[in-house]
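Written below as structure tokens is the structure these notes are about.
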Amino acid sequence: MECKIHFYVMSLPHSDAVFVKGYPTETTEAFCDGHVSAFAFFGGIPQTILYDNTKIAVARILGDRTRVRTQRFTELQSHYLIDGRFGRPARENDKGNVEGMVGFTRRNFMVPPPRFNSFDDLNAHLEQRCLERQGDKLRGHEQTIGNRLISNREALMGLPVAEYEACVHVSTRATSISTVRYRSNDYSVPVTYAHHDVHVRGFVHECHHRLRQ
């Protein structure tokens, strides 16, 4: 079955290293999971990250261009101590490096369109291609991307001991037939949950739930 793929792309401009991961939808949990996976792949956390003005991170932009950040993005920043900055609206050149890498990924990693049995298989392929690319030596550089990444890591912050939980927390109520709804999908819960308040943790590919106390 064919499906649309949404790419999460993070690039490190100093080394030109890139991380790419595919998701079925562009959601908050995918955005958070992309960060967790990218930081693990690079072996550290950039001190400053330039973002576009996605509604996942920006609740609204005030008249003086101050960004009011979403609660989940604020939590993500606090966990990793990220200095998050934003490009100017409709100014693609503000984040030209990552925009260029999105195009590079589509042309070089996804042409011809590959076929996979699962998103796990797709993302294993994408990660391998990102690793293979680290052997390339780009014009104007004497070292490979991988060697430059080794130097780049010296400027990265260390990974926290506790991994960030890349999910969305939702409070809902189980139906009379013991189901809860999350993102337009119904999930079965224990019969004892019927007519009770339920706490849902929604991840990219699964949903966890427990009775609210």
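Numbers below:
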| read-out | value |
| --- | --- |
| Alpha-carbon Rg/Rh ratio, for region 1-91, with Rh computed the Kirkwood way | 0.97 |
| Set of aspartates and glutamates with alpha-carbon distance to LYS137 below 12 Å, sequence-local pairs under 8 removed | ASP16 |
| Sorted by Cβ neighbour density within 10 Å, fewest at the top, the residues VAL191, VAL18 | VAL191, VAL18 |
| Packing-based exposure ordering (other Cβ within 10 Å, fewest first) of LEU76, LEU159 | LEU159, LEU76 |
| Amide N of region 177-209 lying under 17 Å from the label point, which is placed 7 angstrom from the Cα of CYS3 along Cα→Cβ | 182-187, 202-208 |
| Computed Kirkwood radius, in angstrom, where 1/r is averaged over Cα pairs of region 168-211 | 10.1 |
| Relative exposure of LEU126, LEU81, judged by other C-beta atoms within 10 Å (fewest first) | LEU81, LEU126 |
| Full-extension gain in nm, ARG106 to GLU142, via 0.36 nm per residue minus C-alpha separation | 10.3 nm |
| Mean shadow area of region 6-155 over all directions, Cα convex hull, nm² | 9.6 |
| Additional length obtainable on full extension of the chain from THR54 to ARG210, 0.36 nm per residue less Cα span | 53.1 nm |
| Theoretical FRET efficiency, 1/(1+(r/R0)^6), r = Cβ-Cβ of ASP197 and THR74, R0 25 Å, to 0.05 | 0.45 |
| Karplus-derived 3J(HN,Hα), 6.51/-1.76/1.60, for each residue of region 149-155, Hz, glycine and proline x | 5, 4, 5, 4, 4, 4, 9 |
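Here, each number is a calculation from the coordinates, and none is a lab measurement. Owing to the predicted nature of the structure, the values given are computational and were not obtained by experimental measurement. Every residue, glycine among them, receives a Cβ derived from its backbone with ideal geometry; neighbour counts consider all protein chains shown.
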